[in-house]
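> The structure that follows is given in the form of C-alpha cells.
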Amino acid sequence: MRFSKLFVPTTKEAPKDAVLPSHIYLVRGGFISQIGSGIYNFLPLGKLVLDRIRSIVKEELDRAGAQEVQLGFVTPASLWEESGRYQKFGKELLRFKDRKNNEFVLGPTHEEAMVDLVRNRVKSYKALPLNLYQINTKFRDEARPRYGLLRGREFLMKDGYSFHADEEDMKREFALMEQTYSKILDRLGLDFRVVEADSGAIGGSGSRELMVLADNGEDDIVICSNESCGYAANIEAAKSLNEGIVDDEVEMTPGLFATPDIKTIEDLADFFKIPASYLVKAVAKKAIYDDREEVVLFFVRGDDELQEVKAQNACGALELVDTDESELEAVGLIAGFIGPMEIKVPFYVDERLRDREPMICGGNQKDYHFVGFSFKDKAFEYADLASAKAGDQCVKCGCELEITKGIEVGHIFQLGDGYSKALNATFLDQNGKAQPFIMGTYGIGVSRLVAVVIEQHHDEKGCKWTWESAPYHFDIIISNIKDEEQSAFGEALYQQMSEAGMRVILDDRSERFGFKMGDFELIGFPYAVIVGKGLKEGTVELVDRATLQKRSVPKDEIFQQLKEL
RNA sequence: CGGAGUGUAGCGCAGCCUGGUUAGCGCACCUGGUUUGGGACCAGGGGGUCGAAGGUUCGAAUCCUUUCACUCCGACCA
C-alpha cells in the first residue's frame, strides 16, 4: 500500500473528551471515528487491525474444533419471550417493530438464537459434542457508553456455545476454551490473567474471565503474589483470609456501653483504643426482588469492606440499592448503632466473623454499643461477604494478595441446562430418553481487543501495535520524495517486499521528514525503514517502534534483515 | 436512571453576560512559489441554514420556551 493513496486522516489534536490512550490514539491515528454515542466507524487502518484480530480468533477456534456460523443480528422477540429474558434483560436490549408490527431485538448475545438453531436439528447424543460460534456485531444499549471502543453500544464480539451430553464433557470443553482463549491473547502479545469470576444470578458451577492487565481497567482483580500458586480472581468473587490483628488477651465484660454520637468504625476504634478487627460493621441495603423490596443487613468485620456482588448473591436480590435513615427507622434500626441482636429484617454475617469473640457491635439503641459480643454458637446465616483487599492472605497458599486493574476481554461460562430447558432443546441419550443439552458459553470481545492492545502498548507518541495485531509490519519512509535516488530505492525495496508477501506500506507522500516520522510513531507500525541521507553512503535506517531505537543498515542487507524479523 | 455541562467551518475554540454592518482565530483544505532528517515558510483562496423548532424585537449566534444530540461524574454493565 502507498501512503499517498491511503485514507488515514491523522490529526495533531486529541478528540475533545477522550481520556484513555487507546481512545485518543485510535482517533488521532485515523483508525476509528465516532458516529454516535458508543458507535464507531472503522477506517481502513482500523478495519485492518480488526480483521487481523478476527482472523486470529477464528484460526485458534477452528483449530480447537469449533465451527463458525453467523446468526441474524436482528432476532425475533418471540425467542426472547420463550426464554423469559425479554422482560428481564432490561433497557439494554434494543427493541423495535417492523412494518407488520412484529417485535424484534438487536442481538446483545445469542443464547436463544443458537439454541434455536440446534434444537430439533441435533437429536442424538451421537452428534455431540458440538461447539458453534460466530464473530458478529452485537448491540447493547448501554446506559453510559464511554472510553471509545472499550465500552461501546455496538461492538464486534465472538460468542460461542457448546452442547454436550453430560457435565463432564462440558467441563472438558470449558478447559479447552480457556486454553484456546489464552492462546489468542498470547498471540496478540497481551499480558493477561485468567481469573475466577462471579457466576451471578444464573448460578452455574464456574465462570472465568480473561483479564488483560491495564492501569485504566475498570475491574479490580486479586492476584496471589506467589507466582507458583497462581490464584487470581475478580474482586467480585475473590476469596481471601484476613488474619488482622488478633490478640487473645483482650477481655471484655459483656454489656451495653454508652458511646454518644460515635457512629463510624474509625471513631469507635479510637474511643475503645482497639483495632478495627474487634468491631462489627453493619451495612444496610435495600434489596430489590421480583415482587418486593426490603431492607437487608450485612455484617462484616470492622477492618473489612462489604463486597456488593457477594452481598447480592447471598440474599438473591436482583439489585441492591442504598437505603436511608428513615427507611431504617421504619424497621426499628438506628444508623450507626446496628448490631446483630433481635433484628426484624433479614441479615447475613460474613464468614470471617464466625465464632469470633469478644467483639464490639451496635447496641440497637441510640448512642449505645454492645461490648463483648460473641459469635460462638450463633445460628446466623453466614456467607462470604467481605471484599478481598491488598495484603489479605491467599486461600490456597497463604501468601500475600495483590490488587491490580484489568480489562475484561473474555468470559467463559459453564452454563448447564438453563437455556436448553427453558427453550425445550433436548437430545436422545443412549437409553433413548430425552435430555436437555448441557451447555457452555464463551465470549471474547474482538473490537474491544483493538483498544486493549493499545492500552497495553503505547507511549506518549502513539500506538505500538504488536506483531500479530499490526495493520502493516513495515513502513518505508522516503525522506525526500524529490530525491530521485531515495525515491528509486524506496520503490524498489517496496516492490521486493510486496512480492515476498511482506505486509509493507510505502510513505511516498510529498511531506517533510518530521511529518512522516510523526505519523509512523502515531500510527505505530512495528518497524520503519528510513530511506534518506544515509543512502549516499550506502545505508538506510531501521527504526523499532517499540523502543524507538534506530540503527544503520547497509542498503544491500536491509531486505534480508527485515525478512528475519 | 440521578447530577452537571456542551452544541458556532473537517477538528479544536472565541464571540453570547450587556442584541446592532459582510460571525472571527488556530490547525486542516485548495492554488502558486520556496523548502525536504523531526509535524516548514511566503502570497493568494474556498468553506458556516451559529444543533433544530417556536417566540420576543425594527433587528437574534446573543434574550425566552420547547426539543434533539453529544460529553462528564455517579448508578448499571460482557
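The values are calculated or read from the model by the stated rules, or taken from the named source; none is laboratory data. Because the structure is a prediction, the values reported are computed rather than measured. Neighbour counts run over all protein chains shown; Cβ positions are idealised from the backbone, glycine included.
> Take the residues in the stretch A:278-332 that are surrounded by fewer than 14 Cβ atoms within 10 Å (Cβ to Cβ) and within 16 Å of RNA strand B (Cβ to nearest atom); name whichever of them is farthest from A:R85 (Cα to Cα).
Initial filter on the stretch A:278-332 (surrounded by fewer than 14 Cβ atoms within 10 Å (Cβ to Cβ)): A:289-292, A:316, A:318-319, A:321-322, A:324-326, A:329-330, A:332.
Cutting the leftovers down to within 16 Å of RNA strand B (Cβ to nearest atom) gives us A:289-290, A:316, A:318-319, A:321-322, A:324.
On the way: A:Y289: 16, A:D290: 13, A:G316: 18, A:L318: 14, A:E319: 16, A:V321: 22, A:D322: 26, A:D324: 32 Å.
It comes out as A:D324.
> Oh, and also: Pairs under 6 Å by beta carbon, first residue in contact (Cβ under 8 Å) with a residue 12 or more places away in the chain and over 17 Å from A:L548 (Cα atoms) in the stretch A:449-470, partner within 15 Å of RNA strand B (Cβ to nearest atom) and in a strand (DSSP E or B), six or more apart or different chains?
A:L449/A:V409; A:V452/A:V212; A:V452/A:I407; A:V452/A:V409
> Select from the stretch A:379-427 the residues that are buried (at least 22 other Cβ atoms within 10 Å of the Cβ), in contact with a Phe, Trp or Tyr (Cβ under 6 Å, 6 or more places away or on another chain) and small (G, A, S) and list them in ascending order.
Within the stretch A:379-427, A:G410, A:S420, A:A425 qualify.
> Only one of (1) in contact (Cβ under 8 Å) with a residue 12 or more places away in the chain; (2) surrounded by fewer than 21 Cβ atoms within 10 Å (Cβ to Cβ); (3) outside any strand (DSSP E or B) fails for A:A237. Which number is that?
(2)
> Hey, among A:F515, A:F525, A:F520, which residue is touching a Lys or Arg at 6+ places or on another chain (Cβ under 7 Å) and of a type in the set (A, V, I, L, M, F, W, C)?
A:F525
> Looking only at the stretch A:537-560, count how many residues are loosely packed, with under 14 Cβ neighbours inside 10 Å and in a helix (DSSP H, G or I).
Result for the stretch A:537-560: 2.
> Can I ask one more? If you take the residues in the stretch A:102-115 that are farther than 25 Å from A:D51 by Cα and buried (at least 20 other Cβ atoms within 10 Å of the Cβ), which one is farthest from RNA strand B (Cβ to nearest atom)?
A:V115
> While we're here: Return yes when A:F174 is in contact with a helix residue (DSSP H, G or I) (Cβ under 7 Å, 6 or more places away or on another chain) and aromatic (F, W, Y) and no when it is not.
No; evaluated as a whole, the condition is false for this residue.
> Restricting to the stretch A:404-433, count the residues that are on the phi < 0 side of the Ramachandran plot, more than 16 Å from RNA strand B (Cβ to nearest atom) and either touching a helix residue (DSSP H, G or I) at 6+ places or on another chain (Cβ under 6 Å) or touching a residue at least 60 places away in the same chain (Cβ under 8 Å) (or both).
10
> Let me ask something additional. For residues that are in contact (Cβ under 8 Å) with a residue 12 or more places away in the chain and near RNA strand B (Cβ under 7 Å from one of its atoms), scanning just the stretch A:1-17, find the one that is nearest to A:V504 (Cα to Cα).
By that ranking, first place goes to A:T10.
> Which residue, of A:V540, A:V504, A:V531, is hydrophobic (A, V, I, L, M, F, W, C), more than 9 Å from RNA strand B (Cβ to nearest atom) and in contact with a helix residue (DSSP H, G or I) (Cβ under 7 Å, 6 or more places away or on another chain)?
That would be A:V504, the only listed residue that is hydrophobic (A, V, I, L, M, F, W, C), more than 9 Å from RNA strand B (Cβ to nearest atom) and in contact with a helix residue (DSSP H, G or I) (Cβ under 7 Å, 6 or more places away or on another chain).
> What are the residues in the stretch A:249-279 that are within 44 Å of the chain's Cα centre (by Cα) and free of Cβ contacts under 8 Å to residues at least 60 places away in the same chain, if any?
A:I265, A:E266, A:D267, A:A269, A:D270, A:F271, A:K273, A:P275, A:A276, A:S277
> Please determine whether any residue of the stretch A:116-129 is touching a Phe, Trp or Tyr at 6+ places or on another chain (Cβ under 9 Å) and within 18 Å of A:H411 (Cβ to Cβ).
Checking the stretch A:116-129: not a single residue is touching a Phe, Trp or Tyr at 6+ places or on another chain (Cβ under 9 Å) and within 18 Å of A:H411 (Cβ to Cβ).
> Kindly indicate whether A:E521 is within 12 Å of RNA strand B (Cβ to nearest atom) and not aliphatic (A, V, I, L, M).
On the way: within 12 Å of RNA strand B (Cβ to nearest atom): yes; not aliphatic (A, V, I, L, M): yes.
For A:E521, the condition - within 12 Å of RNA strand B (Cβ to nearest atom) and not aliphatic (A, V, I, L, M) - is met.
> Give the residue that is surrounded by the most Cβ atoms within 10 Å (Cβ to Cβ), with candidates limited to residues of the stretch A:495-517 that are free of Cβ contacts under 8 Å to residues at least 24 places away in the same chain and either small (G, A, S) or not in a loop (DSSP other than H, G, I, E, B) (or both).
Among residues in the stretch A:495-517 that are free of Cβ contacts under 8 Å to residues at least 24 places away in the same chain and either small (G, A, S) or not in a loop (DSSP other than H, G, I, E, B) (or both), the one surrounded by the most Cβ atoms within 10 Å (Cβ to Cβ) is A:S498.
> For A:F299, which of the numbered conditions (1) of a type in the set (A, V, I, L, M, F, W, C); (2) modelled with pLDDT of 85 or more; (3) over 20 Å from A:H369 (Cβ atoms) fails to hold?
Evaluating A:F299 over (1) of a type in the set (A, V, I, L, M, F, W, C); (2) modelled with pLDDT of 85 or more; (3) over 20 Å from A:H369 (Cβ atoms) leaves (3) as the failure.
> I'd like to know if the stretch A:135-153 contains one or more residues that are away from RNA strand B (no atom under 16 Å from the Cβ) and either at pLDDT 95 or above or of a type in the set (D, E) (or both). Working first, answer last.
Step one: of the stretch A:135-153, the residues away from RNA strand B (no atom under 16 Å from the Cβ) are none.
Scanning the stretch A:135-153, I find no residue that is away from RNA strand B (no atom under 16 Å from the Cβ) and either at pLDDT 95 or above or of a type in the set (D, E) (or both), so the answer is no.
> Report those strands (runs of 3 or more DSSP E) wholly inside the stretch A:284-378 carrying at least 3 residues which are among the charged types (D, E, K, R) and on the phi < 0 side of the Ramachandran plot.
A:293-301
> Enumerate the helices (runs of 4 or more DSSP H) found wholly within the stretch A:69-182, keeping only those where 2 or more residues are in contact (Cβ under 8 Å) with a residue 40 or more places away in the chain.
On the way: elements: A:77-83, A:85-88, A:111-118.
In the stretch A:69-182, A:77-83, A:111-118 are the helices (runs of 4 or more DSSP H) which contain 2 or more residues that are in contact (Cβ under 8 Å) with a residue 40 or more places away in the chain.
> If a residue has to be of a type outside the set (A, V, I, L, M) and more than 40 Å from the chain's Cα centre (by Cα) to count, how many in the stretch A:460-493 make the cut? Walk me through it before giving the result.
We begin by selecting, within the stretch A:460-493, every residue of a type outside the set (A, V, I, L, M); these are A:460-469, A:471-475, A:479-480, A:482-487, A:489-491.
When the remaining residues are screened for being more than 40 Å from the chain's Cα centre (by Cα), the result is A:479-480, A:482-487, A:489-491.
Qualifying residue count for the region: 11.
> I'd like the full set of residues that are of a type outside the set (A, V, I, L, M, F, W, C) and assigned to a strand (DSSP E or B), limited to the stretch A:409-452.
A:G410, A:H411, A:Q414, A:G416, A:T426, A:Q435, A:P436, A:G440, A:T441, A:Y442, A:G443, A:G445
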